[in-house]
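Student: Sharing a structure, written as structure tokens. Questions coming.
The values are calculated or read from the model by the stated rules, or taken from the named source; none is laboratory data. Treat the numbers as computed from the prediction; the structure is a model and nothing was measured. With ideal geometry, Cβ positions are generated from the backbone for all residues, glycine too; neighbour counts draw on all protein chains shown. All accessible areas refer to the heavy atoms of the entire protein, side chains included, with ligands and DNA or RNA removed. Shrake-Rupley method; radii C 1.70, N 1.55, O 1.52, S 1.80 Å.
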Amino acid sequence: MESMIMMGNEAVARGTIEAGCSVAAAYPGTPSTEILESLNRQSSEIKAQWSPNEKVALEVAFGAAVGGVRSLAVMKHVGLNVAADPLFTFSYTGVNGGLVIISADDPGQWSSQNEQDNRHYARHAKVPMLEPSSPDEAREFITKAFDISEQFDRPVIVRVPTRLAHSRAVVRPVTPVTVERKPFTRDPQKYVMIPAHGRKRHIAIEEKQKEVQQASDENGLNRIEWGDTKRGIITHSVPYQYVKEMLPDVSVLKIGMAWPLPDEMIREFAAKVDELIIVEELDPFLENYILAMGIDITHGKDLMPNCGELTPDIVGSALAGENVEAQSSPQYTEPLPPRPPKLCKGCPHAPVFNALKELDLHVIGDIGCYTLAALAPYHAMHTQTCMGASVSMHFGLEKADDEMAQQSIAVIGDSTFIHSGITPLIDMVYNQGTGTVIILDNRTTAMTGHQEHPGTGVTLKGEQTQTLDIEKLCKAVGVGRVTSVNPFKADNLKQLIQTEVKAREPSVIITTHPCILNG
């Protein structure tokens, strides 16, 4: 097949097709979103879907894997926090068909509330993790991940950072393989994780870990590139490209399998170089592991920051012996005019935040494009942490001080409400809270590029389906006061908010108008 230029996420999708995957599920989140969209464009045979959240997506993918087909779950790094509960148990059960999980990490915090290093999840959950360093390697590693999953009866995580997900390079597609569905076998000892079974499975995965560890030294995912042995660099993922760019003749141990790590290869490499340097992004994951092996390291995080992305300049300066401080934003030689992000002109959220600003309420915000209301000209959002937390935190404020329910309000988007806002609303009702929640329903998942969700009545494949009625849902969980308004036509919006905030019972205001970019 002819080579072509692909974005990293497109290459992941291509690799998924080449690996004979049958089912894919995800919740959109930058930098992972384009994987499922591209997969849907490239293949009409894979059953691809948006799920309400990452936990559900992983459970759907796992169910398909237990059913005997290869399946994929896609999420950004913080999404794996949401899916962590099933991940740890699926590690115990193992799989049937291959199961691959994409963790799209975000060094530099370009579109996220943190820049956590999800290599720790692989170690913690005792599952293999692969780290490609280029779009073509991303394509190739997906098939290898499915093979490893089935060979060792393990879920496998593939870590794709922002710089790889959104970079473009030459990709060399190959013909997809045909994978026969494996029959589902009833095996309660394997799939029913009551304590008596789980204890045995824990022992089994510890033994399996030893097999995967040995394979890490032998499967070709990690490789030594010998050059000048005066200096040897152990690196991974995108930083590998920077090392090769800045020091093309140095000896390099490229880590492609981030967990478990190749002990014998590390020892061999370290013994043959005079100086051992670790170049890695974010946490000293490799460095701490290698130090624990009893191997001396000349330099690691003492020269490079553990915050933000690495760049060729940072790597070059560090390898020249210069300490490099973490950079909070890109550094340019010429000053650029400030262009802070803001809500679009005509955004249906604007009149809501204008009203909230005038009312001077404590606004407990959530994750979505409406988070921009924390900035000028509104300055009308005062907390924002993670998906769905606005409702829970709003209720928590009331727990701290009864009067806070009449002085604050929770704001959450429609997609985020479906993702993880329903259960905290149930909590508020069940535990006799009196707060008010505004659900900003713009009929899409706008922040990540206008993906469908259960409230739009359209699937990822463009098929019409049952539309989730958010108003009826709120009433069904016990909210007695539910009001739906068009924010552009509600002349009394400020008065409505005041009335609901003063009410001594839970209330929900749903502001419904299509996103201006979709309308």
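Student: Give me the residue from the stretch 251-276 that is assigned to a strand (DSSP E or B) and touching a residue at least 40 places away in the same chain (Cβ under 8 Å) and, out of that set, surrounded by the fewest Cβ atoms within 10 Å (Cβ to Cβ).
Tutor: Checked the stretch 251-276; the qualifying residue surrounded by the fewest Cβ atoms within 10 Å (Cβ to Cβ) is Glu275.
Student: Condition first: in contact with an Asp or Glu (Cβ under 6 Å, 6 or more places away or on another chain), farther than 21 Å from Thr185 by Cα and either of a type in the set (Gly, Ala, Ser) or open to solvent by 10 Å² or more (accessible area, probe 1.4 Å) (or both). Now tell me which residues in the stretch 70-95 satisfy that.
Tutor: Within the stretch 70-95, Gly79, Val82, Ala83 qualify.
Student: Taking the conditions exactly as written (within 16 Å of Arg231 (Cβ to Cβ) and not in a helix (DSSP H, G or I)), does Leu310 satisfy them or not?
Tutor: no
Student: Just to be sure, is Thr385 farther than 19 Å from Ala503 by Cα, open to solvent by 30 Å² or more (accessible area, probe 1.4 Å) and not aromatic (Phe, Trp, Tyr)?
Tutor: Yes; evaluated as a whole, the condition is true for this residue.
Student: So, one more: Does Glu37 satisfy the criteria of being in a loop (DSSP other than H, G, I, E, B) and open to solvent by 10 Å² or more (accessible area, probe 1.4 Å)?
Tutor: Against the criterion (in a loop (DSSP other than H, G, I, E, B) and open to solvent by 10 Å² or more (accessible area, probe 1.4 Å)), Glu37 does not qualify.
Student: Of (1) open to solvent by less than 10 Å² (accessible area, probe 1.4 Å); (2) under 26 Å from the mean Cα position of the chain (by Cα); (3) closer than 24 Å to Cys347 by Cα, Leu425 satisfies all except one. Which?
Tutor: It is condition (3) that Leu425 fails.
Student: For residues that are in a helix (DSSP H, G or I) and closer than 14 Å to Ser91 by Cα, scanning just the stretch 119-133, find the one that is nearest to the chain's Cα centre (by Cα).
Tutor: Tyr121
Student: Among the helices (runs of 4 or more DSSP H) confined wholly to the stretch 329-439, which include 3 or more residues that are of a type outside the set (S, T, N, Q) and touching a helix residue (DSSP H, G or I) at 6+ places or on another chain (Cβ under 7 Å)?
Tutor: 350-359, 389-400, 422-430
Student: I'd like the full set of residues that are more than 11 Å from Val279 (Cβ to Cβ), touching a residue at least 12 places away in the same chain (Cβ under 8 Å), assigned to a helix (DSSP H, G or I) and not β-branched (Val, Ile, Thr), limited to the stretch 210-240.
Tutor: Scanning the stretch 210-240 gives Glu211, Gln213, Ala215, Ser216, Asp217.
Student: List, please: which pairs have Cβ atoms under 7 Å, are six or more places apart or on different chains, and start with a residue in the stretch 327-352 that is within 21 Å of Pro312 (Cα to Cα) and open to solvent by less than 90 Å² (accessible area, probe 1.4 Å) and end with one that is modelled with pLDDT of 80 or more and assigned to a loop (DSSP other than H, G, I, E, B)?
Tutor: So the pair list comes out as Gln327/Gly308.
Student: Of all residues in the stretch 355-378, which are of a type outside the set (Asp, Glu), over 13 Å from Pro341 (Cβ atoms) and either touching a strand residue (DSSP E or B) at 6+ places or on another chain (Cβ under 7 Å) or surrounded by fewer than 19 Cβ atoms within 10 Å (Cβ to Cβ) (or both)?
Tutor: Those that are of a type outside the set (Asp, Glu), over 13 Å from Pro341 (Cβ atoms) and either touching a strand residue (DSSP E or B) at 6+ places or on another chain (Cβ under 7 Å) or surrounded by fewer than 19 Cβ atoms within 10 Å (Cβ to Cβ) (or both): Leu356, Lys357, Leu359, Leu361, His362, Val363, Ile364, Gly365.
Student: Scan the stretch 96-116 for residues that are part of a loop (DSSP other than H, G, I, E, B) and open to solvent by less than 10 Å² (accessible area, probe 1.4 Å) and jot them down.
Tutor: Gly97, Gly98, Asp105, Asp106, Pro107
Student: Tell me which of these Gly462 doesn't satisfy, since it passes every other one: (1) more than 30 Å from Glu358 (Cβ to Cβ); (2) surrounded by 13 or more Cβ atoms within 10 Å (Cβ to Cβ).
Tutor: Every listed condition holds for Gly462 apart from (2).
Student: What residue, of Arg181, Arg172, is open to solvent by 70 Å² or more (accessible area, probe 1.4 Å) and either over 27 Å from the mean Cα position of the chain (by Cα) or over 30 Å from Glu10 (Cα atoms) (or both)?
Tutor: Among Arg181, Arg172, only Arg181 is open to solvent by 70 Å² or more (accessible area, probe 1.4 Å) and either over 27 Å from the mean Cα position of the chain (by Cα) or over 30 Å from Glu10 (Cα atoms) (or both).
Student: How many of the residues making up the stretch 471-493 are at pLDDT 95 or above, open to solvent by less than 80 Å² (accessible area, probe 1.4 Å) and assigned to a helix (DSSP H, G or I)?
Tutor: Counting residues in the stretch 471-493 that are at pLDDT 95 or above, open to solvent by less than 80 Å² (accessible area, probe 1.4 Å) and assigned to a helix (DSSP H, G or I) gives 3.
Student: In the set Leu282, Leu247, which member is in contact (Cβ under 8 Å) with a residue 60 or more places away in the chain, more than 18 Å from Asp217 (Cα to Cα) and crowded, with 22+ Cβ neighbours inside 10 Å?
Tutor: Unique residue meeting the criteria: Leu282.
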